[in-house]
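A.B. asks: Can you read through this structure? Questions will come right after.
The values are calculated or read from the model by the stated rules, or taken from the named source; none is laboratory data. Just so it is clear, the model here is predicted, and its values are computed rather than measured. Backbone-built Cβ (ideal geometry, glycine too); neighbour counts: all protein chains shown. Each accessible area value is taken on the protein alone, full model and side chains, heavy atoms only, with ligands, DNA and RNA left out. Shrake-Rupley method; radii C 1.70, N 1.55, O 1.52, S 1.80 Å.
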Amino acid sequence: MRTKSREIASRLGEHFDSLRTRARIPGLAAVILQDTTVLLARGYGFADVERRIPATVETPFNIASVAKPISAVAMLKLVEQGKLDLDARMTGFSEFREFCAAARQNGGIFYSDLDCDALTFRHVVSMSANGEPGTRFFYNPPLFSWSSRPVAEVAGISFSDFIEQVVFQPAGMSASARKHRRLPLRSDLAALLATPYHIDSAGALKKSDPPGPQGDGAAGGVVSTAMDLAKFDIALTRGTLINAKSRDVMWTAGRSPNG
């Protein structure tokens, strides 16, 4: 069975590379798991085109919003410890009332329809905060990012330090780190970080500007490798990070009142 699975994974890996070539993606890395067994671990193309540095499963990438499941595990760890209630009102956390009022005043698609007094932590992290809380899904990364503040408040340490303590270390993610405007990326990861590129209006491959400075938010701010993300998946599956009940909560799909 494993042999057949590895053959399928190998064909899928070849398909990844053909899609990469077609989309003109300079480099990517992939790890395919079956339960906790690695079936494929492979890099494709280049992490740095100019210096011809190959992309591998140990290449650090800025994983952007893929950081959200990592943040969610940290939140549920606090729930297990009895320090965080998913149904706690956001107004019970420091500075949220002031933040929400100012955000509503500024408006925009993410904040103009927030009901500051009704929002719970669960609404914010399940992307069901906009409009009448809990009635619809609306992807709201800036508000999710703010949820790092209650986490740090109840954990008693910075959000980034808490992620290191309850996710990176127990999962063995030694090639992963958080970064933000007050926390530079570790030098060993910075030296190997994949270069960002884009296709310009003339169809040429160009280096992209690095992401702008951000705070210590829950929505992003993680640099990791494909292999480390596989370790995260394995640790989550084995119950190393959170228990099975918490994992089920994390993976349960949202349901609106109309079903």
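A.B. asks: Show the residue pairs that are 6+ apart or on different chains and have beta-carbon atoms under 8 Å apart, the first residue being within region 201-213 and closer than 16 Å to Val49 by Cα, the second being of a type in the set (D, E, K, R).
C.D. replies: Leu205/Arg24; Lys206/Asp200
A.B. asks: Which members of region 153-172 meet the condition of being open to solvent by 30 Å² or more (accessible area, probe 1.4 Å), in contact (Cβ under 8 Å) with a residue 24 or more places away in the chain and not charged (D, E, K, R)?
C.D. replies: Of all residues in region 153-172, those open to solvent by 30 Å² or more (accessible area, probe 1.4 Å) come to 153-154, 156-158, 161, 164-165, 169-170, 172.
Next, from what is left, pick out any that are in contact (Cβ under 8 Å) with a residue 24 or more places away in the chain: 153-154, 158, 170, 172.
Within region 153-172, Val154, Ser158, Pro170, Gly172 meet the criteria.
A.B. asks: List the number of the failed condition for Ile163; all other conditions in (1) among the β-branched types (Val, Ile, Thr); (2) part of a loop (DSSP other than H, G, I, E, B); (3) within 20 Å of Ile70 (Cβ to Cβ) hold.
C.D. replies: Checking Ile163 against (1) among the β-branched types (Val, Ile, Thr); (2) part of a loop (DSSP other than H, G, I, E, B); (3) within 20 Å of Ile70 (Cβ to Cβ), the one that fails is (2).
A.B. asks: While we're looking at this one, here's another question. Take the conditions surrounded by fewer than 21 Cβ atoms within 10 Å (Cβ to Cβ) and part of a helix (DSSP H, G or I) and apply them to Asp228. Does it pass? First the steps, then the outcome.
C.D. replies: Details: surrounded by fewer than 21 Cβ atoms within 10 Å (Cβ to Cβ): no; part of a helix (DSSP H, G or I): yes.
For Asp228, the condition - surrounded by fewer than 21 Cβ atoms within 10 Å (Cβ to Cβ) and part of a helix (DSSP H, G or I) - is not met.
A.B. asks: Could you tell me how many of the residues in region 88-103 are closer than 19 Å to Asn140 by Cβ and either open to solvent by less than 80 Å² (accessible area, probe 1.4 Å) or modelled with pLDDT under 95 (or both)? It would help to see each step written out before you state the result.
C.D. replies: Taking region 88-103 as the starting set, the residues that turn out to be closer than 19 Å to Asn140 by Cβ are 88-91, 93, 95-103.
Still in the running and either open to solvent by less than 80 Å² (accessible area, probe 1.4 Å) or modelled with pLDDT under 95 (or both): 88, 90-91, 93, 96, 99-103.
The total comes to 10.
A.B. asks: While we're here: For Lys179, all conditions in the list (1) within 27 Å of Thr237 (Cα to Cα); (2) touching a residue at least 60 places away in the same chain (Cβ under 8 Å); (3) not β-branched (Val, Ile, Thr) hold save one; what is the number of the exception?
C.D. replies: For Lys179, the exception is condition (2).
A.B. asks: For Glu98, state whether it is over 30 Å from Leu28 (Cα atoms), more than 17 Å from the chain's Cα centre (by Cα) and touching a residue at least 60 places away in the same chain (Cβ under 8 Å). It would help to see each step written out before you state the result.
C.D. replies: Details: over 30 Å from Leu28 (Cα atoms): yes; more than 17 Å from the chain's Cα centre (by Cα): yes; touching a residue at least 60 places away in the same chain (Cβ under 8 Å): no.
When the stated conditions are applied, Glu98 does not pass them.
A.B. asks: So which residues in region 112-125 are in contact with a strand residue (DSSP E or B) (Cβ under 9 Å, 6 or more places away or on another chain), more than 23 Å from Ala74 (Cα to Cα) and open to solvent by less than 40 Å² (accessible area, probe 1.4 Å), if there are any at all?
C.D. replies: Passing the criteria: Leu114, Ala118.
A.B. asks: Got a sec? Which of Ser201, Ser128 is part of a loop (DSSP other than H, G, I, E, B), open to solvent by 60 Å² or more (accessible area, probe 1.4 Å) and of a type in the set (Gly, Ala, Ser)?
C.D. replies: Numbers: Ser128 fails: open to solvent by 60 Å² or more (accessible area, probe 1.4 Å).
Answer to the check: Ser201.
A.B. asks: Would you mention how many residues in region 231-255 are assigned to a loop (DSSP other than H, G, I, E, B) and either touching a helix residue (DSSP H, G or I) at 6+ places or on another chain (Cβ under 6 Å) or modelled with pLDDT under 95 (or both)? Before you say what the answer is, go through the steps one by one.
C.D. replies: Residues of region 231-255 assigned to a loop (DSSP other than H, G, I, E, B): 239-243, 252-255.
Remaining after also requiring either touching a helix residue (DSSP H, G or I) at 6+ places or on another chain (Cβ under 6 Å) or modelled with pLDDT under 95 (or both): 240-242, 252-255.
Qualifying residue count, region 231-255: 7.
A.B. asks: Pull up region 19-67, narrow it to residues that are in a helix (DSSP H, G or I) and farther than 23 Å from Leu185 by Cα, then point me to the one that is least open to solvent (accessible area, probe 1.4 Å). Spell out the reasoning first.
C.D. replies: Pass one, region 19-67, residues in a helix (DSSP H, G or I): 19-23, 64-67.
If we keep only those that are farther than 23 Å from Leu185 by Cα too, we end up with 19-23.
On the way: Leu19: 72, Arg20: 36, Thr21: 86, Arg22: 174, Ala23: 59 Å².
Out of the qualifying residues, it is Arg20.
A.B. asks: Of the residues in region 176-193, how many are outside any strand (DSSP E or B), open to solvent by 20 Å² or more (accessible area, probe 1.4 Å) and hydrophobic (A, V, I, L, M, F, W, C)?
C.D. replies: Initial filter on region 176-193 (outside any strand (DSSP E or B)): 176, 179, 181-182, 184-193.
Among the residues that remain, those that are also open to solvent by 20 Å² or more (accessible area, probe 1.4 Å) are: 179, 181-182, 184-188, 190-193.
This time we only want the ones that are hydrophobic (A, V, I, L, M, F, W, C), so: 185, 190-193.
Of the residues in region 176-193, 5 are outside any strand (DSSP E or B), open to solvent by 20 Å² or more (accessible area, probe 1.4 Å) and hydrophobic (A, V, I, L, M, F, W, C).
A.B. asks: Give just the number: which of (1) under 18 Å from Gly259 (Cα atoms); (2) not in a helix (DSSP H, G or I) does His123 not satisfy?
C.D. replies: Only one criterion is unmet by His123, namely (2).
A.B. asks: Does Pro150 satisfy the condition of being under 15 Å from the mean Cα position of the chain (by Cα), surrounded by 14 or more Cβ atoms within 10 Å (Cβ to Cβ) and modelled with pLDDT of 95 or more?
C.D. replies: Numbers: under 15 Å from the mean Cα position of the chain (by Cα): no; surrounded by 14 or more Cβ atoms within 10 Å (Cβ to Cβ): yes; modelled with pLDDT of 95 or more: yes.
Answer is no for this residue.
A.B. asks: Out of region 68-87, which residues are within 29 Å of Met227 (Cβ to Cβ) and open to solvent by less than 30 Å² (accessible area, probe 1.4 Å)?
C.D. replies: Result: Lys68, Ile70, Ser71, Ala72, Val73, Ala74, Met75, Leu76, Leu78.
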